[in-house]
Structure formats: structure tokens, C-alpha cells
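Report on the following structure.
We did not get these values from a lab; they are worked out from the coordinates using the rules stated. Given the structure is predicted, the values throughout are model-derived calculations rather than measurements. Note that we place each Cβ from the backbone using ideal geometry, even for glycine, and neighbour counts take in every protein chain shown.
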Amino acid sequence: MLRPLLFLSALIGLAGKRTHTDFNDSSVLNISQCPITFYGKKYEQLYVSRMISSSVIIDVFLDFCPTLTPFTLTRSRLLHYGFLTRSYLILHLSGGALFRYDAVITSYPETCSGQMCDETAVVRNFSCGPSERCQGNNTCMFDSTCTVSGPAVIDIHGQVNSVQDRCAYTLMSTPSVPDLQVLANFQERRRKDVSFVDSVTLRLNTTGVRIDLKQDGRVQVDNTTLTLNSSVQLIHGVELSKDQTGVIAKVSLSNYTTSVFFDGKTAQIRLKGPAGKVPSLQGLCGNSSSSLSELRLSAYSAGGCNLLKAAPFTACHSDIDPEPYITACNNTLCKYPVVDGLNCQFLEAYARACSLHNITLEGWRSNVSCSPPQAFCQGKICSAHEFCAEKTGCLCRAIFASPYRSTDTLGDPTVCSQNSASITLVGCLLMEKGIDYSALHLKDQNCTGQMDELTNMVTFSFNSSRTCGMEVSTNNSQLIYKNAIMTQNSSGIITRNSQFYIDFSCFYTQPGIKTMGFRIRQISVIKQIVSGTWNYTLTMKAYTDAGRTKAVESNTKIQLNQKIWVGLETDGLDGNSVAVVTDSCWATNQALSNGSLRYDLIKKGCANSADQTVKVERNGQGTSSYFSFNMFQFSGNSTDLYLHCKLDLCVTQNNTCNPVCSGGSRRRRSARLTYVNAPTLITMAWTD
């Protein structure tokens, strides 16, 4: 390793005698009797080059060491006596080479690292700084990345912060790039207590332009949506592009390049610029010492609290400072949705405070779309676990309702006693779902729920003397009492609106609303037909699209009033000689095709004129036929649904096989149809 260097042009005399001796270049002098300590290291040899003023230097040296005892050279002494200058190191200790200040001793350009001689005559290592990256050829560049994913912000120093509300925050701004500010807006998703980065905004301060990168991939410039692709578009000096991975915005200002990537889930901000002084980064990405509240941006957060800064509220600013009201408004709306008139509540409070100072803010409500104040809860008595909501009535408090919402239930488990059962539903949960408790009843419509006026809880009950349509059954010597809570029966035999239905028995553990949708029991029904000389396969299959490309699977849930398509297809028939004719299709609530509860879809080869959702799309025109209808259920029943179809084979030679159906009147079939076998019946079962 190189030895520290001293600036000494000298002849040295030892042993206390001031002997003038001339040394040639690179002469060596033993000073072990008077060693020199320099920056903590002890030296016993001097290597001398280029002698000048020998006698003077000897006198100086002997002044340092008059008794040949060890002494320490310091930087101040060296400067004082002329041993150290700003240009060259003439003398070095214990051997080595001669270097200029700041000279590079060893260098590795590809990694921007090496060794150099510093001004204190010490060899030190050099490399790029902690926030810099080597560009090759010993060139360093400031290059740092900040990542925002979900609520977490990983700043350029690797520190992690977390946003816990639904507000906008400054991610990055720096005096080095004063024209640019990068912001992020956070919103909740599946849980109210966890926020995710929802959009990223680039604000160009000089022009006031705002570029929003949305979660759905849209890019808006001052609320105007752009059409982007992988080709770069230059918009207000910002390079914008978009591909299947996400959106990239790049802007170069003040020798710095800022790149922002956003894919709807994660944002990454990369800042590159000249090496040297690290730019002072402010915001969440800069590991700022500012608190989250100081970095929160009220102007970009929901709720319109900043309206208090504009007219007509400005007329009151000299009397009442609006900032505390804005802060309170933002702090509330960042954690609470804009409901129940909350966005107007703080504006109303400020306006009323101004009125106490005899300042009237004319027309402010119309300017900000706020209704005149009214005590909408007066006379409305809510229970302790409820609060009064604007225009709605008594709704559940969040803590009280949380256990019910987490299990998707509307009330408590069934309470059983001897020969009876009862169940209690939460009135405010029913109101949230728009369910009128007075329209609910047990299987006996005369047995309705009773509401407790203090708690607003609705209780349904039955017992052995007041059965209310109770069903009694036994299972392994156990007596089971069963009932159900439902809405009032409709007037027709079918309905396409969801019905409220809760099974109700002593052994029922948790009440819940049944979804009135249907799942197919079999993906397809296949039947082998052998009739005379005819031997073919008939398949009945349901689809969710008109092109019949999306078959209904066993896990496909069909909702009430959803349109489905049914295909009746054959294999093994000669289409040149026969055609399949769907004579009729009907639904029953039991597997028997002749059940007493029946609803017709196709009659005599034509759609039931009483049901405008039924469409016969192909019939008698080949070896397959198709029709569609909107899903339904039998009123007052949550039982299964069975779809039955009867088909015939029609000879096509000199015969018209497709039924002739006229308008909305009774359909009729051509008299020329000739069938060649007995009708075939096929059934498809659905369950709710």
C-alpha cells in the first residue's frame, strides 16, 4: 500500500549535529532515533528528492527534534514550515511513489471505482455515491427509484411508509425540478381499513397541466382522455406510452429525467440526473421528515373541502380562517365516504360561523350544490346500535353490524325451545337492503314479524299451537320443526324478481338470504333413441350466449330473468331426409313431466304468446333446433325447476317441416307435416 507523503525539500542531520549533507534524488535517511508520527502512523525512514535550502530545512527539522526524541508532524506544522503545499508531495515516508493531489492511482472505469491520493497525503478508495449508478467510463449518475404498491411506499432510501386513509399525497417533488410534482391518490377496495394506490398524477407547475394515470389504464390530461399505445406521444413536454404492462410517463427538466410507471396496482417513480449533490427530494418518496398530514393534498382528495377557499366564502376569510375547517373536513372525508350530506356539513358549519359575525354568504349553497339545512332526524327514534341517516332512516352502526356483514347474515341464529322456534332479524340491516319487514311473513301469510320499538329488531316465531305453516318431520328419533320467512306471494304462477327466502328451523345455525339463481344439475342431457329403423343420439344443452359458445356448466349460476339459450341437437340422422321438430317445451316444479304445476314455453312448435321472452330460433329446419327464454321460478317456491321438451322427426321430402307461426295469435302448424316415429321426451333439471 502507498505510504503517506510529506512535502519536504530537505537535507536532514541527525544525532543532534547540524551537519550539512547533500543528498541526491531518492536518497534514503534513517531517522529511527527520531521517528516521525504522521496521521497516527510511525515512520523511521525518509526518502528525499529535489534538495533546496538544505541548511534551513535541517534547522527546522532539528527544531522539531532537538533531543532526537520522537515527535509528531501535523498538517498545521507542515503548512507553517513549508513542508506541505497545494501542488506536489516531494518527500514520502518509507518508500513508494510520488503523486499529485487528487491523482488517480488505480482505476476501474466499468465500475467507476479505484484509489486516489487525497490532500491529507492518504490513499483512499473512490466509487459512485449511495444514490448513484455507474454509467461506465468512470461516469456516475444519480439514479434512484421509489415504489408504491398497495398502501406501502418504499422510498429512495429503502424505508417503508404506509398510507392508511383515502387521500391524495405528494410522492415526489424537488427544488432541482421545480416544475414537476408527482402525486398519488389512495382509495379502499375490499376492506375499509386498507387503502391502495388508485391513481397517479403528474402536475406541471408552470403550465398548471395535470396528467392523471388511472387504475383502469386511462390517461387523462386535464380530464380529457387520451388514446395511447406503445408509440411515444409528446404531450405538454411529457412522453406518454402504454402497453399491456402499464402506462409510462417520462419528463426531462433541469438536467433530470423523471419516469413514472403505473399498472393500476403498483407505481414506480425513477429520477435520474447528474452525479454529485443528491437532490433534495420531498414527499413520501424522499423519506421526508414531514408527517403524513403535512404531505396530504386536500385539493386532490375527495369531498370538495377546498371550496371554502373560493368565493363566496372569501368574503368571510378576514373574520374566520377557513383552514381549520378545511383540515377538519379533509381529515374526516379521507376516512369516511361522502354520504349523509357530509360533504356539505363542514361548508354549512363555516357559513353558520360567519353568520354569527353578521356575514352572509349569498348563494353559496347553489354554487356548491348543497341543499338547505334541515333536521332530517327530528322525530325519528333510532336504537342505541343505530344512527339516523339522511333520507334513509335508522341504519346500523358499523361496529354493531360488523359481525353480521362479515358472515353475510341478517340476524341471529334460531332460538329453540320446547315445541317452538324463533328467529330475530336486524331491522337496520333489512332497511339497508331495501327490505320492508312488514312485507315478510312465515309460510302462513298471517304470521308476520313483530318489531321491538326500542331495539328495532324483528322477530318471527311459531310453536305447536300456532304453527304458521310449520312443517314437522322426524330424523333419527328427533322431531324437527321447520318454517321459512318469505315475501308475499305474487299473483301469477311465476315471477322474475328475486324473492326473500330464509329457511327457519330449530337446527338452522345461521339465517341468510338465499340467492334466487339456478344451477344446472347436468351439464348436458344425452338420450339414445331407437325407434324402428331410426337410431340416433339426442342432446339437450343450455348456453349463456346467442352464439351458443358458452355452455352452462355445473358451477354456472343463472340469475332470475337472465336469458338462456337451449339447444336440442341430434347425431346419427340423415339431414337430407328428416328434420327435428320441437313440438312443445314446458317447465314443472318436479321431475314428473305431467306435474300439476306447469308453465308452457313452446306449444305446437311455436313460442308461448303469453311470454314475450320466449323465442324459437330454429325449428324443423335441420337435425337440431334452438330456443331461448328468460329464467324464472315458480312463485312461493324455492324448489327445483325441470324443463321438458317433446320432439318429433319429420320427413323433409315433399314436406314443409318448420311450423308456421303467425304474429301474436295462436300458432298453428302446417297440415303437411309428416312424422316418422313416436314423439321423444327429454328433461333437463335445474336447482336453486
Could you tell me which of Leu356, Pro337, Cys285 has its Cα farthest along the dipole of the stretch 213-363 towards the positive end, charges placed at Cβ (Lys, Arg +1; Asp, Glu -1), taken about the Cα centre? Cys285
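Work out the FRET efficiency for Thr392 and Ser231 from their Cβ-Cβ distance, taking R0 = 41 Å, and round it to the nearest 0.05. If you can, show how the numbers build up before the last one.
Numbers: r = 50 Å, r/R0 = 1.22.
In this case the efficiency is close to 0.25.
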Placing +1 on each Lys and Arg Cβ and -1 on each Asp and Glu Cβ in the stretch 102-218, then taking the dipole about the Cα centre, the residue among Thr139, Gly150, Pro109 whose Cα reaches farthest towards the positive end is Gly150
Stretched fully, the stretch from Gln135 through Asn463 gains (0.36 nm per residue minus C-alpha distance, one decimal, in nm) 109.6 nm
Taking 0.36 nm per residue of separation between Ser524 and Val415 and subtracting their Cα-Cα distance, the length gained on full extension comes to 35.0 nm
Based on the alpha carbon coordinates of the stretch 176-220, what radius of gyration and maximum Cα-Cα distance (Dmax) apply, in Å? 12.9, 39
Taking 0.36 nm per intervening residue step and subtracting the Cα-Cα distance, what contour gain separates Val221 from Ser252 on full extension? 9.4 nm
Taking K and R as +1 and D and E as -1, what net charge do the other residues with C-beta under 11 Å from the C-beta of Glu569 add up to? +2
Under a point-charge model restricted to the Cβ atoms of Lys and Arg (+1) and Asp and Glu (-1), what is the dipole moment magnitude of the stretch 127-196 relative to its Cα centre, in debye to the nearest 20? 380 debye
